[in-house]
1. Can you give me the ranges of the helices (runs of 4 or more DSSP H) entirely in the stretch 1-101 with at least 3 residues that are under 22 Å from Trp214 (Cα atoms) and at pLDDT 95 or above?
2. Pairs needed: first member in the stretch 37-64, at negative phi; second member anywhere, outside any loop (DSSP other than H, G, I, E, B) and of a type in the set (Gly, Ala, Ser); C-beta distance under 9 Å; at least 6 residues apart or different chains.
3. Evaluate the stretch 121-130: report whether one residue or more is within 15 Å of the ligand (Cβ to nearest atom), surrounded by fewer than 21 Cβ atoms within 10 Å (Cβ to Cβ) and assigned to a loop (DSSP other than H, G, I, E, B).
4. Considering only the stretch 119-138, state which residues are of a type outside the set (Phe, Trp, Tyr) and touching a residue at least 60 places away in the same chain (Cβ under 8 Å).
5. Can you name every residue in the stretch 245-262 that is open to solvent by 30 Å² or more (accessible area, probe 1.4 Å) and either touching a residue at least 40 places away in the same chain (Cβ under 8 Å) or polar (S, T, N, Q) (or both)?
6. Among the residues of the stretch 268-277, are any open to solvent by 50 Å² or more (accessible area, probe 1.4 Å) and under 23 Å from the mean Cα position of the chain (by Cα)?
7. Does Ser216 satisfy being within 19 Å of His30 (Cβ to Cβ) and touching a residue at least 24 places away in the same chain (Cβ under 8 Å)?
Amino acid sequence: MANKNLNAAKEAKKDEFYTQLEDINNELRHYREHFSGKTVLCNCDDPRISNFFTYFAYNFEFLGLKRLITTCYKNQDMDLFSQNKSEQAIYLIYDGDKNGNNIPDPEEIGIHPLKGDGDFRSRECIELLKQADIVVTNPPFSLFREYVAQLMEYDKKFLIIGNQNAVTYREVFPLIMENKIWLGYKSGDMAFKVPADSEPRAIRYWQDETGQKWRSMGNICWFTNLDIEKRHEDLILYKNYSCEEYPQYDNYKAIEVSKTSEIPGDYDGVMGVPITFLDKYNPEQFEIIGATENEATDKVKALRIPGFIKYDRPYINGIRKYARILIRKKK
Ligand SMILES: C[S@@+](CC[C@H](N)C(=O)[O-])C[C@H]1O[C@@H](n2cnc3c(N)ncnc32)[C@H](O)[C@@H]1O
């Protein structure tokens, strides 16, 4: 039992890292038109440390928000750096500046107790979710599947941070294929503050001159269902197809394109592209047929060349290639 609790605590610790205001600012500037008159919910955010809360509270008037709701998971202690030490949580409601100084003063922010620990899946947090038009946060990565499923169930607009690997999740990839979720602007490297009691890591971990601990991850991206300009921008296709440069797979009726930037402009058949293609995906330019790694849909099965032993990945001359997304040009 003690071991189980220790493991749970260790797992929870992995979810404790905090998004920088600069990263939030840089992404959110592409979405401004979506927020006018809207209620925003940040539901994995201790308002005392969350830069999502800071961003929306300080930009409340600029964005023309209707309401900002923030829920804090477990921790209530003002002096602790969200360590989930208290089982009871709080939520905050901010309806904008009242005294004309354009600053969210403490007396303008309503602090309310939650009955439970502020778990985004709890009934009371779901009631807050129902009030929201747009959910914006960096949720716990360990619960990413459930987090996205809940947003979809309640038909919410959202902008959330996640790990790029999540695009291949069985619960996420079909949503991408059906154009219900797409990637936002920034993807790749991001640095996060971590709590003072975080264990040092061998790589991507440091302490700054103030003693603040940091970690970075190289495969971070934003997931959203808010329309953005980027999603309508065509990828410039400058390469021409040749069978030498773009070999056909042994087990799929598709050609290998190892770099998204080298998709041949004159090829109308199915192509296997790296997962990073999703960062450039414009649904008006390409159709996603499926992925070689995911449980095959009928469309993907139809591309299989009979007689090959494995279809988990594409193979060329018997050599297993990287996971690929199968796409086709639309125009
Ligand atoms: C990756 S951190 C990001 C924190 C904050 N959103 C930010 O971007 O700075 C995820 C947060 O979710 C909280 N959390 C973990 N499990 C949760 C749950 N079941 N419901 C709500 N929040 C949870 C963690 O305590 C952690 O602070």
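1. 21-28, 51-58
2. Pro47/Ala57
3. Yes, the conditions are met somewhere in the stretch 121-130.
4. Cys125, Leu128, Leu129, Gln131, Ala132, Asp133, Ile134, Val135, Val136, Thr137, Asn138
5. Going through the stretch 245-262, the residues open to solvent by 30 Å² or more (accessible area, probe 1.4 Å) turn out to be 245, 247-248, 250, 253, 258-259, 261-262.
Those that are open to solvent by 30 Å² or more (accessible area, probe 1.4 Å) and either touching a residue at least 40 places away in the same chain (Cβ under 8 Å) or polar (S, T, N, Q) (or both): Pro247, Gln248, Asp250, Lys253, Ser258, Ser261.
6. Filtering the stretch 268-277 for residues open to solvent by 50 Å² or more (accessible area, probe 1.4 Å) gives 268, 275-276.
Of the ones still in play, those that are also under 23 Å from the mean Cα position of the chain (by Cα) are 275-276.
Yes.
7. Details: within 19 Å of His30 (Cβ to Cβ): no; touching a residue at least 24 places away in the same chain (Cβ under 8 Å): yes.
Criteria not met by Ser216.
The values are calculated or read from the model by the stated rules, or taken from the named source; none is laboratory data. Bear in mind the structure is a predicted one, so any value in this text is a computation, not a measurement. Cβ atoms come from the backbone with ideal geometry, glycine included; neighbour counts cover every protein chain shown. Accessible surface is based on the protein model in full, side chains and every heavy atom, while ligands, DNA and RNA are left aside. Shrake-Rupley method; radii C 1.70, N 1.55, O 1.52, S 1.80 Å.
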